[in-house]
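Following: one structure in structure tokens, then a few remarks.
The values are calculated or read from the model by the stated rules, or taken from the named source; none is laboratory data. What you see is a predicted model; the values in this text were computed from it and never measured. Heads up, the Cβs are rebuilt from the backbone with ideal geometry, glycines too, and the neighbour counts pull from every protein chain shown. Quick note on the areas: whole protein, heavy atoms, side chains included, nothing else; ligands and nucleic acids left out. Shrake-Rupley method; radii C 1.70, N 1.55, O 1.52, S 1.80 Å.
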Amino acid sequence: MCGIVGYIGASQAAPILLDGLGKLEYRGYDSAGIAVFDGTKLAVKKATGRLKVLSELTHDGATMPGLSGIGHTRWATHGAPSDTNAHPHYNQDETIAVVHNGIIENYQKVKKKLTNQGYQFVSETDTEVLAHLLDYYYKGDPLEAIRKVMHRVEGSYALGILFKEHPEQIFAVRKDSPLIVGKGKDGNLIASDVPAVLKYTRDVYFIQNEEIAVLSAKGIEFYNLDSEAIAKESTTIEWDLNAAEKGGYEHFMLKEMYEQPKTVRDTLTPRLKENQIVIEELGMTDEEIRGIRRIHIIACGSAYHTGVTAKYVFEGMARIPVEVDLASEFRYRNPILEADDLVIIISQSGETADSLAALREAKERGVQTLGIVNVVGSSIAREADRVMYTWAGPEIAVATTKAYSAQLIAQYLLAIKFAQVRGQLTEREVERLLNDLKRLPDQIEMLLANKERIQRFANRYIAAKDVFFIGRGVDYAISLEGSLKLKEISYIHSEAYAAGELKHGTISLIEEGTLVAAVATQEDLYKKSISNIVEVRTRGAFVLAVTNEGNTQIEKTADYVIYIPQTNRYFTNSLAIIPLQLFSYYVSVGKGCDVDKPRNLAKSVTVE
């Protein structure tokens, strides 16, 4: 969950490290630190709080001269945020410095052994164990010491390591946590994610599990766990550098909401050729598609919510049974998987720890897997049998918006493709569905243009304590995401419920003035949804309704109505979520919350 950077080359390292950490602060922001070899020692500066504290402490890196260094921005797991617990961590004589993303699961056992050997610990972190264990094994050969540490520790880790005795090198290690290597013109870099290196290079290497990278000012070498040299090919990143900047918007989240029309077009358009769906990277034959007996969709957070929508779409269009699982629960229920099942793993980063573990579980059981990811070369993209990319570009805000929209589009396309191949849709029906998909970007733009009206409404609920989201069918899936958006960035308690469940307990929480957001986009469920609105209004709730144009009947029961354009009933999530995103954003801004970096959260959850 933390962010790692490293640089070695002809330029001053500290300013580059701070710049890179600024691009990774979405991964963690409770403390930060850098270590630089200044010619005689490994100099370390650490500070609790946002990165700007460290930048001010070091005068933007000017007080830390040196041509090689490593940096870290932290999302605390072991030990509260503090200067002591912040990375980098030293060994006792301060000749080895380590930054770490991940969790060392057996650190207590290793710590006890090292303590018995006379090693003293000053922090509460699992990472300090790595620094002392490297010291324990180091006999002059860094590569050998690193290899022994990798054999000794259990868990997930991406590491950046400096040895005082080898100042001309930086060492990087990866196991189940993301790490890339960038090949620059005047030096080389390591980072947890691509945005940190885009200013300096577009040529990157994706380090795979249990690989070691050794960087010098002029070259990069890669080794496996047996210290054997391995060859790797670089990937050229096509992202526009401006895509990772705010571009004049107050927050990344707002910018990314406004990028959703482009994201939808970019994910959709390349897959439509002469009114046919062509997903070239998928590589599935019609025979294989017809052979699918059941689909399992596995994801976390917002990606899971897209899977809940996709269940209705796949089952309704393609008539394939679908199970949707939270990745964190999938392995622990001993799921029943069969050879003709398809497991779909959805992840923006492609590095989500629970999702990656679920993917590996499915592969071990011999089931075919498909990854829907946004990051080319990510772990899920590499390890899944098949992959489908969402062309959303870099998403920096912790609360996802455009990646969520892209994941919906990807699954709509898959469902239509599968339904067509399996004979569940006529050519005419496919044509109508594709026309509806093509209209979505313009319809999203229209909803975004209506932000002032939503902003005025949001201002009325800045002081809200509880908000409930209700819906039926696809509308329930929309409610799940709307509720998550509000709670994660505004810290207002909110819950989503299938509207029919209200009378089974939840309605007892409704009192005078409680805001209930009712999503009603499914025409065949209008009457039932209106009945639920009446139920909560009778108990004193104020009802915000999101519904389709033309459903004016709802105005008789709801207090405030937001209309979305007409589209196919399976695609309404792509439109109804927009006003709910805007509502959450403006409530959060009104409360003075840090929209892009909500408390206790990080963008990419790479630890279980």
Requested in this report: At 7 Å along the Cα-to-beta-carbon direction for both Arg50 and Arg453, put a label point, then send me their distance in nm to one decimal.
Outcome: 3.4 nm
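Tell me the mean residue ellipticity at 222 nm calculated for the chain from its helices only (DSSP H runs of n ≥ 4, each -39500 (n - 2.57), averaged over every residue, nearest 500). Walk me through the numbers before you get to the answer.
Values: 18 runs with 206 residues, N = 608.
So the helix-based figure for the chain works out to -10500 deg cm²/dmol.
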Query - Rel. contact order, % - alpha carbon contacts under 8 angstrom, at least six apart, the chain - result: 12 percent
Requested in this report: Taking 7 Å along the Cα-to-C-beta vector as the label spot, tell me the Thr426-Asn568 distance in nanometres, rounded to one decimal.
Outcome: 1.5 nm
Requested in this report: Straight distance only, please: which lysines reach the Cα of Lys597 with their own Cα at less than 19 Å, same-chain residues fewer than 8 apart left out?
Outcome: Lys23, Lys52, Lys246, Lys255, Lys402, Lys485, Lys487
Report summary line: Relative to the chain, whose Cα atoms define the longest principal axis, helix 142-152 and its Cα axis are tilted in degrees, nearest 10, by 50 degrees
Requested in this report: Would you kindly calculate the mean projected area, averaged across all directions, of the convex hull enclosing the Cα atoms of region 465-595, in square nanometres?
Outcome: 7.1 nm²
Report task. Find the eigenvalues of the gyration tensor of the Cα atoms of region 1-117, then list the square roots of 5 times those eigenvalues as equivalent ellipsoid semi-axes, largest first, in whole angstrom. Result -> 23, 17, 12
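Where nothing but the Cβ of Lys and Arg (+1) and of Asp and Glu (-1) is charged, how large is the charge dipole of region 355-502 around its Cα centre, in debye to the nearest 20? Write out the running numbers ahead of the final one.
Working: 20 positive and 18 negative charges, 29 e Å.
Roughly 140 debye for region 355-502.
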Report summary line: Per principal axis, largest first, the Cα atoms of the chain extend in Å by 76, 56, 44
Query raised in the report: For region 277-410, max minus min Cα coordinate along each principal axis, in Å, sorted largest first?
Result: 38, 36, 27
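How big is Rg to Rh over region 46-178, alpha-carbon atoms, Rh as the Kirkwood inverse-mean-distance radius?
0.95
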**Report entry** Solvent-accessible area per residue for region 1-93 (1.4 angstrom probe, square angstrom)
**Finding:** 33 Å²
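Just to confirm, what accessible area per residue do you get for region 514-607 at 1.4 Å probe, in whole Å²? List each step's numbers first, then the result.
Working: 3240 Å² over 94 residues.
Result: 35 Å² of accessible area for each residue.
Leu225 to Asp60: FRET efficiency via 1/(1 + (r/R0)^6), r the Cβ-Cβ distance, R0 51 Å, to the nearest 0.05? Intermediate results must be reported in sequence, preceding the final value.
Values: r = 38 Å, r/R0 = 0.75.
Using R0 = 51 Å, I get an efficiency of 0.85.
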Query - Rg ratio (alpha-carbon, reference 2.2 N^0.38 Å) - region 1-63 - result: 1.04
Query raised in the report: Share of region 495-608's accessible area from carbon and sulfur, percent, 1.4 Å?
Result: 46 percent
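Between Lys199 and Asn334, what FRET efficiency follows from the Cβ-Cβ distance if R0 is 51 Å, with the result rounded to 0.05? Numbers along the way, then the final one.
Details: r = 47 Å, r/R0 = 0.92.
Once the sixth-power term is evaluated, E becomes 0.60.
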Report task. Would you mind computing, in nm to one decimal, how far apart the modelled labels at Asp286 and Glu94 are, each placed 7 Å from Cα along Cα→Cβ? Result -> 7.1 nm
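Region 190-288: Rg/Rh from Cα coordinates, Kirkwood Rh?
Working: Rg = 19.0 Å, Rh = 17.5 Å.
In region 190-288, Rg relative to Rh is 1.09.
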Requested in this report: Report the local net charge at Ile104: Lys and Arg +1, Asp and Glu -1, summed over other residues whose C-beta lies under 9 Å from its C-beta.
Outcome: -3
Query raised in the report: So, with a 1.4 angstrom probe, what is the percent of accessible area on region 301-383 that is carbon and sulfur?
Result: 48 percent
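Just the number, please: carbon plus sulfur as a percent of the accessible area of region 91-183, 1.4 Å probe, no ligands or DNA/RNA counted.
Details: 1520 of 3590 Å².
Looking at region 91-183 in its full context, I get 42 percent from C and S.
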